[in-house]
Amino acid sequence: MGSVEGRLIVVRQLPEIEERLRTVKESVDERVSRALEMVCTEETVQAVKAERAKLRQEFDILEDQRKAAKKAVLEPYERFEAVYKACVSDAFQRADAELKGKINDVETEMKRRCEDSLREYFCELCAVHHLDWLSYERAGVRVDMASAKAKTPKKLREQLAAFVAGVAESVDRINSLEDAGEIMVEYQRTLDAADAICTVKERRRRIEEQKKFQEARSAIREQEEEMVRRVEALAPLVQVEQPKTVKCTFTVRTTMDRLKKLKEFLNTEGIQYE
């Protein structure tokens, strides 16, 4: 395959294009193999460059034909797709969206009526157990279409009843404990009785530790203040006599070394002399 002459890829049918490409595969493989067998040295580098440029030129010609074939194949389909969209898909998709909206409106209303009935049932349960502070949302009930279609959503009503009964049981347990009011404050926040009890116990423990610490600090402070008062009470009785300054004159007869030592002694003791 010395060069590409004419148009190798002519758009007729894709199977025909594929068959023609398979017929030239052997020629392309042989052409490439010969090029790759070339030895590239300082003496042959220009020849290798020329061969590479020739291969790239031939490949570019085939690439242009491939792109033209792709465009020719896609253009009829794109025209067909536009007609199909206008005649078929737009109408079906519009109908599907509108029907979906109507269905959602009806099902949303059914779920709302079901939830309203569940809320009423929940309020009745809370009234029986004196749990006026408990809200419906904390039960975690989610209304599905199966429950919405039922005249009486038995499964969800049972879920609500079990939830309220569990809360009432925890409240009764807490009311029997010391610090019930404080524990209830924590329980109403978390709906976890064990956690509420532990939280209050831990808080009480820290408060007691703080009280003991403050009491110990107060005792130490009182001891320090008592010692200060005692010292202040004794202070007027203690009289510190100040040493009197005495001036005397004398003559020293000794060696020079001893005289120097005498001077050092007077300086060390802070004794003034003339």
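Points worth noting:
- Output for segment 137-160, where each listed residue is among the charged types (D, E, K, R) and under 34 Å from the mean Cα position of the chain (by Cα): GLU137, ARG138, ARG142, ASP144
- Lone qualifier among ASP132, ASP172 - being acidic (Asp, Glu) and either open to solvent by less than 30 Å² (accessible area, probe 1.4 Å) or assigned to a loop (DSSP other than H, G, I, E, B) (or both): ASP132
- Test for GLU107: is it out of contact with any Gly (no Cβ under 8 Å at 6 or more places or on another chain), at pLDDT below 90 and either surrounded by 10 or more Cβ atoms within 10 Å (Cβ to Cβ) or more than 30 Å from MET184 (Cα to Cα) (or both): no
- If you go through segment 30-48 and keep only what is surrounded by 10 or more Cβ atoms within 10 Å (Cβ to Cβ), free of Cβ contacts under 8 Å to residues at least 12 places away in the same chain and in a loop (DSSP other than H, G, I, E, B), you end up with CYS40, THR44.
- Verdict on LEU234 being open to solvent by 100 Å² or more (accessible area, probe 1.4 Å), at pLDDT below 85, over 30 Å from ALA168 (Cα atoms) and out of contact with any Leu (no Cβ under 9 Å at 6 or more places or on another chain): yes
- Scanning segment 175-226 for residues that are within 26 Å of CYS126 (Cβ to Cβ) and open to solvent by 100 Å² or more (accessible area, probe 1.4 Å) yields a single hit, ARG189.
- Subset of segment 57-71 (residues that are loosely packed, with under 13 Cβ neighbours inside 10 Å and more than 53 Å from the chain's Cα centre (by Cα)): GLN57
The values are calculated or read from the model by the stated rules, or taken from the named source; none is laboratory data. None of the values given here were measured: they were computed from a predicted structure. A quick note on method: Cβ atoms are made from the backbone with ideal geometry, for glycine too, and the neighbour counts reach across all protein chains shown. Heavy atoms of the whole protein, side chains included, go into the accessibility calculation; ligands, DNA and RNA do not. Shrake-Rupley method; radii C 1.70, N 1.55, O 1.52, S 1.80 Å.
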